[in-house]
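Asks: I'd like to ask some things about the structure below.
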Amino acid sequence: MSLNTQIVHDPLLQAQPAQVSAVRAGIIASERFGVLGSARPLAGERDLNFQLSCADGASYLLKISHPLENPQVVDFQNQALLQIQRADPELPVQRVYPAHDGRYQAAVDIDGQQMLVRLLSFVEGLPLHQVSARSTQLRQNLGDAMARLDRALADYQHPASGHELLWDMQHAARLRALLVHIDDGPLRALASSALDAFEARALPRYPALRRQVIHNDLNPHNVIVDPQQPERVLNILDFGDMVEAPLINEVGVAAAYQVGHDGDVLAPALDFVAAYHQRNPLRAEELDILGELIATRLVMTIAITAWRASLHPENRDYILRNVPQASASLRGLAAIEPAVVRQRIHQACQGALQP
């Protein structure tokens with residue numbers, strides 16, 4: 001099977017989302033979890049999401065997994081949330097709640113299709129992508145929270161942790177088949193060059209790097225902050241892209257969303273990286289390839305979403321939500337010599353550990 005065929009025939013990413021009404025979602029929440037509330041549909045990539053608003057003022061998130069989703073992968077995500085809650089109960093991370101039978105996922109039949117339903121916490125606040133002026137303190141708080149999350153998951157193991165996922169940077173080399181979906185020629189060339197650097201510098205080092213389960217998707221749509229104090233992180237959401245991988249991939253993914261799009265584009269990302277390093281120290285061999293990983297995640301955001309938008313034009317706006325920023329960030333990062341990027345990353349982390 002060709003590389004392109006392997007990607008294009010990923011059934012979960014290609015399939016149309018299942019259809020479930022808000023009324024039906026409310027009934028499921030009541031029957032399976034004992035939660036009575038009005039349901040409001042929310043955006044999502046693979047799953048169906050509903051906010052449940054209860055009469056007592058409580059809010060929950062009802063998540064209905066795609067019919068093609070592997071139940072073991074759903075359990076992998078649930079057990080990770082429970083592990084985090086045990087290891088670091090004060091960490092602002094989404095919570096998962098049991099159904100009537102004590103399990104954390106309930107199987108329901110909807111129009112002849114078996115789907116898994118979960119009830120999670122819903123925290124009111126401001127999504128990070130709506131914060132136009134992000135402070136240094138916010139980036140530092142986010143880096144610290146991400147480091148705490150990874151420390152909580154450091155010894156977490158699950159049979160489904162090695163499941164294959166297109167958004168897993170370990171497999172970024174196969175994304176070359178998707179570059180044709182990037183309409184902007186110069187941007188497509190930058191993406192190709194970034195993949196060249198990933199294959200030459202980062203990929204060969206992977207076998208020697210420490211590994212663990214990582215969140216793998218700290219994008220601005222997955223973070224809720226306090227509207228009155230935007231530097232305060234209230235919740236980290238969506239563990240749907242979680243996977244076992246080199247730990248430094250976590251930092252590369254998250255830092256990619258902190259790269260600026262004008263001026264000193266690397267400086268905001270370094271705020272995040274330094275704060276992460278102070279809480280969960282990174283090794284020299286990990287920092288050496290972090291620049292390539294940041295660029296690679298930007299390429300993934302641009303290439304995968306361009307491809308998926310062509311498959312699902314009805315969900316195009318949601319799918320492409322991070323692309324303008326990612327494109328500007330990739331251009332800005334590409335203008336800096338790789339050796340300078342590496343030097344600044346090391347310097348930022350050395351400074352973070354000084355008293």
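Asks: Obtain the nm distance between the two label points defined at Gln170 and Cys54 by a simple spin-label model: each point lies 7 Å from its Cα along the Cα-to-C-beta direction.
Replies: About 3.9 nm, to one decimal.
Asks: If you average the C-alpha positions of the range 57-94 and of the range 297-355 separately, how far apart do those two centres end up, in angstrom?
Replies: Value for the Cα centre distance between the two parts: 26 Å.
Asks: Under a 1.4 Å probe, what is the accessible area of the range 151-202 per residue, stated in Å²?
Replies: Numbers: 2390 Å² over 52 residues.
Heavy-atom accessible area per residue stands at 46 Å².
Asks: Sticking with this one: Can you list the equivalent-ellipsoid semi-axes of the range 284-355, largest first and in whole Å, using the square root of 5 times each Cα gyration tensor eigenvalue? Mind dumping the intermediate values first?
Replies: Values: eigenvalues 203, 28, 20 Å².
Equivalent ellipsoid of the range 284-355: 32, 12, 10 Å, largest first.
Asks: Using alpha-carbon positions, what is the distance between the centroids of the range 216-267 and the range 100-173, in Å?
Replies: A separation of 12 Å, based on Cα centres.
Asks: Next question, about the same structure. Stokes-Einstein at 10 °C, 1.306 mPa s, Kirkwood radius from Cα pairs: D for the range 229-355 in µm² s⁻¹? Before the final figure, lay out the partial values.
Replies: Details: Rh = 15.6 Å.
This corresponds to a translational diffusion coefficient of 102 µm²/s.
Asks: Considering only protein heavy atoms and a 1.4 Å probe, what is the carbon-and-sulfur percentage of the accessible area of the range 122-225?
Replies: Values: 2170 of 4420 Å².
Ligands and nucleic acids excluded, carbon and sulfur reach 49 percent.
Asks: For the range 217-324, with every protein chain kept in place, what is the accessible area per residue (1.4 Å probe, Å²)? Could the numbers behind the result be given before it?
Replies: On the way: 3190 Å² over 108 residues.
Per residue, the range 217-324 has 30 Å² of solvent-accessible surface.
Asks: Moving on. At 37 °C and 0.692 mPa s, what whole-number value in µm²/s does Stokes-Einstein give for the translational diffusion of the chain, with Rh from the Kirkwood sum over Cα pairs? If you can, show how the numbers build up before the last one.
Replies: Numbers: Rh = 20.9 Å.
In µm²/s, the coefficient rounds to 157.
The values are calculated or read from the model by the stated rules, or taken from the named source; none is laboratory data. Computed from a prediction, not measured in an experiment: that's the story for all the values here. Every residue, glycine as well, gets a Cβ built from its backbone with ideal geometry; the counts of neighbours run over all protein chains shown. Surface areas here come from the heavy atoms of the whole protein model, side chains and all, with no ligands, DNA or RNA. Shrake-Rupley method; radii C 1.70, N 1.55, O 1.52, S 1.80 Å.
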